[in-house]
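As structure tokens, the structure follows; a few thoughts come after it.
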Amino acid sequence: MKTDPTSLATRLLALYTGAVADVLDASGYRRQVLPAAITPLALTMKLAGPAFPGRGEPTEDPTHDDTSSRLAMLESVPPGSVSVWACGGHQGSAHWGEIMTRAVVERGCVGAVIDGGLRDTDHLLSLGFPVFSRFRSAASSIGRWDILEWNCPVEVGETTIHPRDWIFGDADGVVVVPAEMIHDVVSAAEDKARNEADMRRRLAEGAKPSEVFGRLGSF
């Protein structure tokens with residue numbers, strides 16, 4: 001089935017990560033939720049789009065400067081994508097900030113997921129660009145961490161993320177949907193969301209939890 005990224009992103013953004021994660025669990029994909037430490041800069045932030053993954057590693061050489069790689073990467077970001085970075089466990093600097101954000105926004109990128117650090121928080125909040133990260137740091141990555149490659153498979157926690165896998169994030173975290181499953185997962189999650197809406201209505205009307213569970217399934 002041909003993928004319409006804009007339509008799929010719109011449908012995902014109308015859902016919530018719990019519903020998508022439950023569908024993946026039921027399909028036997030139980031390692032698709034990224035580590036709980038990766039959270040949105042603001043709880044209202046949501047993102048959905050195909051992954052543009054990359055990775056980097058720490059360096060102990062302060063003369064290292066990966067600017068040329070960084071510029072090439074920023075100019076390669078596809079429109080509609082989510083930039084995803086595996087940072088090699090480095091905690092000594094930020095790995096994403098305002099200028100990188102402005103660069104990818106101009107290319108149509110819709111969000112970023114950083115398994116590492118973030119800076120320029122006030123600017124990012126004013127831009128409203130959805131960013132998920134582990135921590136914040138004022139330190140520059142130049143001479144501390146080098147971008148190595150992009151548009152490649154990466155590992156974040158227990159999850160392998162391939163280019164064009166789907167990334168969906170909200171206040172509860174980030175879920176990765178394998179590209180070949182995206183249509184089935186979104187449709188099943190929409191069914192689940194409708195079912196849960198019915199559960200809420202019945203509980204609000206005074207139905208017993210056991211009655212709701214018996215008629216409509218799991219919570």
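No lab work stands behind these numbers, since they all come straight from the coordinates. These figures come from a predicted structure and were not determined experimentally. Here the Cβ is made from the backbone with ideal geometry for all residues, glycine too, and neighbour counts use every protein chain on show.
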**Study point:** For TRP145, distant residues with modelled amide H under 5 Å away
**Key:** THR59
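Run the numbers for ASN151 and SER27: contour at 0.36 nm per residue of separation, minus the present Cα-Cα distance, in nm. Display every interim value, and only then the final one.
Details: separation 124, 0.36 × 124 = 44.64 nm, distance 2.66 nm.
Length difference between fully extended and current span is 42.0 nm.
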Check your understanding: Relative to the first principal axis of the alpha-carbon coordinates of the chain, what is the inclination of helix 17-26, with its axis defined by its Cα atoms, in degrees from 0 to 90 and to the nearest 10?
Key -> 70
Point to revise | Sequence-separation-based contact order of the chain, relative, with Cα cut under 8 Å and 6+ spacing, percent | key: 30
**Study point:** ³J(HN,Hα), Karplus 6.51/-1.76/1.60, whole Hz, each residue of region 45-58, x for Gly, Pro
**Key:** 6, 9, 9, 7, x, x, 6, 10, x, x, 9, x, 9, x
Study note, to complete from the structure: The exposure ranking of HIS64, HIS90, fewest beta-carbon neighbours within 10 Å first, is HIS64, HIS90
Exercise for review: Kindly rank 22-30, 95-103 from highest to lowest mean number of other beta carbons found within 10 Å of each residue.
Suggested key: 95-103, 22-30
Exercise for review: Give the span of the chain's Cα atoms along each principal axis, as three whole-Å numbers ordered largest to smallest.
Suggested key: 66, 35, 30
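Stretched out fully, how many nm does the piece from HIS183 to THR160 gain, at 0.36 nm a residue minus the Cα gap?
On the way: separation 23, 0.36 × 23 = 8.28 nm, distance 1.94 nm.
Result: 6.3 nm gained on full extension.
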Exercise for review: Could you tell me which of TRP145, ALA72, GLY108 has its Cα farthest along the dipole of region 5-183 towards the positive end, charges placed at Cβ (Lys, Arg +1; Asp, Glu -1), taken about the Cα centre?
Suggested key: GLY108
Study note, to complete from the structure: Neighbour-count ranking for SER126, SER133 (other C-beta within 10 angstrom, fewest to most) reads SER126, SER133
Check your understanding: Which percent, to the nearest 5, of DSSP beta bridges fully inside region 51-162 are antiparallel?
Key -> 35
Check your understanding: In sequence order, what are the phi-derived ³J(HN,Hα) couplings for region 183-190 according to the Karplus relation 6.51 cos²θ - 1.76 cosθ + 1.60 with θ = phi - 60°, rounded to whole Hz, with x for glycine and proline?
Key -> 5, 5, 5, 4, 4, 5, 5, 5
